[in-house]
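K.L.:
Below is the structure I would like to discuss, written out as structure tokens.
The values are calculated or read from the model by the stated rules, or taken from the named source; none is laboratory data. These numbers were taken from a predicted model, which means no experiment stands behind them. Here the Cβ positions follow ideal geometry from the backbone for every residue, glycine too, while neighbour counts run over all protein chains shown.
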Amino acid sequence: MYYTLFAVLLLFVVALKYLQTNGERCPQCQTSREDAEYPLCPDCGWIYEVPGEEDEDYEQAEEEEGLHF
């Protein structure tokens, strides 16, 4: 009987953790993201990834490393 109660409690806790729909949070400080357009966390300065936006500096570095004959 105790195993059943423990299993139900465990499933309930896991469901609450993964089914939260209160928006995106900062992975570093867990602060709720207020403005989806602003790329920085207001508390810790974490830079959110913006889908579809590439790092321009990284692309330039790859081009410069190419073989030159």
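K.L.:
Just to be sure, is Gln20 at pLDDT below 80 and of a type in the set (S, T, N, Q)?
P.N.:
Taking the combined requirement at face value, the residue satisfies it.
K.L.:
Now a separate question. Do any residues in the stretch 28-44 that are surrounded by 11 or more Cβ atoms within 10 Å (Cβ to Cβ) have Cβ atoms under 7 Å from those of residues that are of a type in the set (A, V, I, L, M), where the two are at least six apart or on different chains, and which pairs are they?
P.N.:
Filtered contacts from the stretch 28-44: Pro39/Ile47; Pro39/Val50; Leu40/Ile47.
K.L.:
Let me ask something else. Anything in the stretch 33-45 that is over 11 Å from the mean Cα position of the chain (by Cα) and not aliphatic (A, V, I, L, M)? List them, or say none.
P.N.:
Once the filter is applied, which keeps residues that are over 11 Å from the mean Cα position of the chain (by Cα) and not aliphatic (A, V, I, L, M), the stretch 33-45 yields Glu34, Asp35, Glu37, Tyr38, Pro39, Cys41, Pro42, Asp43, Cys44, Gly45.
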